[in-house]
1. Placing +1 on the Cβ of each Lys and Arg and -1 on the Cβ of each Asp and Glu in the chain, which of 129, 251, 97 has its Cα farthest towards the positive end of the resulting dipole?
2. Arrange the peptides 292-298, 45-51, 121-127 so that the one whose residues have, on average, the most other Cβ atoms within 10 Å appears first.
3. Can you quote the Å³ per residue value for the convex hull of the Cα atoms in region 1-54, rounded to an integer?
4. I'd like the isolated cysteines in the chain, meaning no second cysteine's beta-carbon lies under 4.7 angstrom from theirs.
5. Looking only at the chain, where both bridge partners belong to it, what percent of the DSSP beta bridges are antiparallel (to the nearest 5)?
6. Shape of the chain from its Cα gyration tensor (a ≥ b ≥ c, root eigenvalues): rounded if a/c is under 1.5, otherwise prolate when a/b > b/c, or oblate?
7. What nm distance separates the two modelled labels at residue 34 and residue 304, each placed 7 Å from Cα along Cα→Cβ?
8. For n ≥ 4 DSSP H runs only, could you compute -39500 (n - 2.57) per run for the chain, divide by its residues and tell me the 222 nm figure to the nearest 500?
Amino acid sequence: MIDKLVRENIKNLKAYSSAREHNFGMEAIFLDANESPFETGLNRYPDPNQMALKRALADLRLCRPEQIILGNGSDELIDLLMRSFCEPGLDNVICANPSYGMYQVSADINQVELRRFNLDANFEFEDTAALELADEHSKLLLLCSPNNPTGKIIPLSAIQNLCNEFNGIVVLDEAYIDFAESPSALSLLGQNDNLFVMQTFSKSWGMAGIRLGVGYTNPEIVEILSAVKAPYNVNTLTQNIALKAIENKQQSDAWIKALVEQRKVLEKVLNEFNMVERVFPSEANFLLVRFTNAQDVFNTLIDSGIVVRNRSKEFNCKNCLRISVGTMEENVKLLEVLKNLES
Ligand SMILES: Cc1ncc(COP(=O)(O)O)c(C=O)c1O
């Protein structure tokens, strides 16, 4: 099935064969890649297949290394999926409205039509709303759970149904899943060849600066994307730091716990303000909050040195600010500024 979805030119692609593809052992004399022989710790190209990191991630997420593709952030994985499966000017992809902004940007860059189904006032949707937009040129269904900017989770039963009913690849962006009580859809991978679950080191791992996105999917899709990606797309520093973070997972677990607790406190206190009309329930590390006048609140926060995201122009997000959960001290400062504004 996957074979039928790939662009013709990609199907016929002969991937770049990189010098560091084969592991000859540490004793070898490497005169094959025009690198510098002088030891800097970084004078060699990184492992293009990132095997050590994939093994560690496979152990962590209970899958096989062949089911993993790594990218320079999830943003690279989104672009790789579009470039590999969507014929410019012909194919289309489908996503929710509102959802993560990069889906639109990546589709535009690749000259791929983006079709959007509207979420309702509670940011929910019927599976049929997504499926009704599909035709024979629909290659990707881009879902985000918990969704950005709403914080809403998509139940696994809906994901399973969409995998059954959609004739392309169901891409499930789980950038915020570690903050959710609901489980990841990784458990559905085995039964669904067309499922691509995307996670990132940018949020719960506290490593947005290293740029590491992780795709878990069927090995056939991994092979296709691996042929399209730049050979050394994940640099040595990133691979090493991510490995250390995985070894030290109790640190990110503690951060997750702290942020979820803080999210609950923020949600409760924000709900007590008169200028807050609604705090949308969130399973992510942010809250979408509807104010009586979002622009006034936004300006006051900026004047106090606090930057949040105004999402008011997004569909069904009138007067909504998206507020990331900070440290306890940062959140207290935020609430103080809001209290002063209200008094
Ligand atoms: C839903 C979602 N997916 C992906 C990303 C980007 O991830 P990365 O930093 O791995 O490119 C973001 C960043 O805000 C996001 O909100």
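Bear in mind these aren't lab numbers, they're just calculated from the coordinates by the rules spelled out. Here the structure is a predicted model, which means the values were calculated and not measured. So basically every Cβ, Gly included, is an ideal-geometry build from the backbone, and we count neighbours across all protein chains shown.
1. 251
2. On the way: 292-298: 15.9, 45-51: 18.7, 121-127: 14.3.
Highest to lowest by the protection proxy: 45-51, 292-298, 121-127.
3. Details: hull volume 7.1 nm³, N = 54.
Roughly 131 Å³ of hull volume per residue.
4. By the Cβ distance rule, which asks for a partner under 4.7 Å, the isolated cysteines are 63, 86, 95, 144, 163.
5. On the way: 19 of 38 bridges.
Of the beta bridges lying entirely in the chain, close to 50 percent run antiparallel.
6. Details: a/c = 2.12, a/b = 1.39, b/c = 1.53.
It is oblate, given that a/c is not under 1.5 and a/b is not larger than b/c.
7. A separation of 5.7 nm, rounded to one decimal place.
8. Details: 12 runs with 124 residues, N = 343.
Calculated at 222 nm, the ellipticity per residue is -10500 deg cm²/dmol.
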